[in-house]
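Rule-based calculations on the coordinates, nothing more; no lab input. Quick caveat, the model's predicted, so the values are computed rather than measured. In this analysis, Cβ positions are derived from the backbone assuming ideal geometry, glycine residues included, and neighbour counts consider all displayed protein chains.
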Amino acid sequence: MTYRSILVHLDGTERSDARTRVAARLAHVYPAQIVGIYLVPGPQVSPFATALIPPDFVERRLQLANDAQHAAEAKFRATLKDAGVKAVEFRAPVGDATEAVIAHSRYADLIVLGQPPRDEAEYHYSMELANAVLMGSGRPVLFVPYTGADGPIGERVLIAWKDARESARAVADALPFLKEAKKVLAVAIADSEEETLKDLVTDKQVEGFLRRHEIEAQVKRIVAPDIDAGELLLSHVADIGADLIVMGGYSRPRFTQLVWGGVSKLILNSMTVPVLMSH
């Protein structure tokens, strides 16, 4: 298993350039085509307000949007050319941005999105986009910190392990990274000793699964009833110098949206290294 197609979300910002640079580096490790998908949330205009908008104003807005798209494409192609990546494609689908990115994501091996920024308006849009892609694409998503990720990615990997479908899916989706890693540590956090004893068997099973893929990994189970699990994971990221976190994105039964609370939300808000997440 490897990554042959990497889809990058483009929006014309500097953070978009950082995502492109990450994809370029990955393309040299896993010979992959890089597909840039240019998406920006369109303005919501009431049909009643449309009649009040002067035609020349609409034309100027369309021209500005067209210019921004061409600038984003030029920057995207230039960045990849400088990085020596030749298999490149740029897409700018029309219509609903969320539906478009889901549709295109289903035919890529890895999706590269940005960490939700601190700006409130952008934050909510980014979280909605992340939710839509994770829940609807069936593909792993690599979140890039908004400060960028210019160092190594995947040399030292921390897995947020839990005996659940989403976590197992994330580990399987991350196999290309894990095979290249120098160190892999899976951290499982329990609320009680009883829970630890019950899950010891699954710890051995995940170790065995990775060993069959020629990946030597250690599973560390921690009993921490009074410590926030997300904070504990981030502490271990710093302790081992991890440059990638692998974790599942969880939803509640009968819910069609991720539960952006607890560990997932804390990790996405506080991450300083890329996070690979699967649902």
* Structure fact -> In Å, the Kirkwood hydrodynamic radius from C-alpha pairs for the stretch 5-144 sits at 15.9
* Asked: In vacuo Debye scattering of the stretch 156-278, one point per C-alpha: log10 I(q)/I(0) at q = 0.19, 0.22 Å⁻¹?
  -> -1.08, -1.44
* Kindly give Rg over Rh for the chain, based on alpha-carbon atoms, with the Kirkwood expression for the hydrodynamic radius. => 1.01
* Asked: In what order do ARG60, ARG77 fall by count of nearby beta-carbon atoms within 10 Å, going from fewest to most?
  -> ARG60, ARG77
* Structure fact -> Taking the stretch 92-197, the equivalent ellipsoid from its C-alpha gyration tensor has semi-axes in Å, biggest first, of 28, 17, 16
* Run the quick spin-label model on THR147 and GLU216: label points 7 Å from Cα toward the beta carbon, then report their separation in nm to one decimal. => 3.2
* Neighbouring Cβ atoms within 10 Å as the yardstick, rank MET127, MET271 fewest first. => MET127, MET271
* **Estimated distance in nm for a label pair at GLU14 and GLU193, the labels positioned 7 Å out from Cα along Cα-to-Cβ** => 5.3
* Lysine pairs in the chain 8 or more apart or on different chains: how many have alpha carbons under 21 angstrom apart? -> 15
* **Rh by Kirkwood over Cα pairs, then Stokes-Einstein D for the stretch 89-128 at 0.890 mPa s and 25 °C, µm²/s** => 211
* Would you kindly state how much longer the chain becomes between MET1 and GLU89 on full extension, computed as 0.36 nm times their sequence separation minus their alpha carbon distance, in nm to one decimal? => 29.4 nm
* To do: Just tell me the longest site-free run in the chain, where the sites are GluC sites (Glu not before Pro) in a DSSP loop having at most 16 other beta-carbon atoms within 10 Å.
  => 1-154
